[in-house]
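Taking it in order: structure first as structure tokens, then the write-up.
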Amino acid sequence: MTALLWDQAGQRTYETGVDKGVLYIPNALGVYDTGVAWNGLTTVTESPSGAEANKQYADNRVYANLLSAEQFGGTIEAFTYPPEFGQCNGTASPTPGVAVGQQTRKSFGFSYRTRLGNDLEDTEYGYKIHLVYGAKAAPSEMAYATINDSPEAITMSWEITTDPVDVPGTNPETGKPYKPTATLTIVATVTAPGALVNTATITQQTEVDPNAANNSASVTLNAAESANLRVTKALTRFRIDWTWNGGPALLQSRVIDETGYVQPTIRQLRTVRGTRSIYHNNAIQTWRVDATGEVSNVQVL
């Protein structure tokens, strides 16, 4: 039998904090395709319920132990909320600056992040993204108080209930389809460090390069452990080191998403949409670095 060990280095993990709140308003098809930042988030309390035992007796003994359906609810606390949440909070705005209460409450989706820590990485070990579907907010109490010598910002609070949504796929542990759920949690922890080689080569010169002897160069980066999760249908910021040789350069990056779609060039995009398309202009962007170090956004056809 393998010996059990406790409190080993790197295994004393914990979860803390809450931030990066996002509100999602479903479209007419029920798709959560647009998110807005929820600032001022202070507390999210998850309050699952159900799964209560209901024993059935026969033959003078417990014949079956049935569990009631599980439900997910909770409480959101914040100093403020995005304007888009007004329709979920039972208000409507017939004109800017005027809010009419006691209106129909729209369902919404909600996500937030908590940090993961351990004894080695502190709170930089990783994080969790919590997603909630089919939520509805109930009316809540709000107390206004006079300003005194210890003023405090008013904390708003909303009790939420949820309607589960279908989950595609099969549970690998049971071999059966997943049950509907209102919650999904994504865990992002550190990846193993290692060496990354970044090579840049000039393939076409349109300006005079003051140093033509170094038109190709490589640099090896020792990547540190970091948690770097990207969520689908979300803007993504990334960073990669690049060695500048002092001459003019054009910088580009191309994205390939999880469906295999490849980010188009401007020429490819114009072939499909024409020259006057400005909405969802997802073509490859080009950044020009001139010999003085000035950076500008340019188009390369």
Modelled FRET efficiency - R0 35 Å, residue 16 with residue 216, Cβ distances, 0.05 increments: 0.15
Rg in Å to one decimal, and Dmax rounded to a whole Å, for the range 48-179 via C-alpha atoms: 21.5, 70
Ranked by how many other beta carbons lie within 10 Å on average, peptides 168-175, 250-257, 122-129 from highest: 122-129, 250-257, 168-175
Estimated FRET transfer efficiency (residue 33, residue 263; beta-carbon r; R0 25 Å; 0.05): 0.85
Residues of type lysines that residue 55 reaches as a straight line, Cα spacing below 25 Å, ignoring anything fewer than 8 places off in the same chain: 176, 179
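Taken together, the values in this text are just the output of simple stated rules run on the coordinates, not laboratory data. Since this is a predicted model, take the numbers as computed values, not measurements. We place every Cβ from the backbone using ideal geometry, glycine too, and count neighbours over all the protein chains shown.
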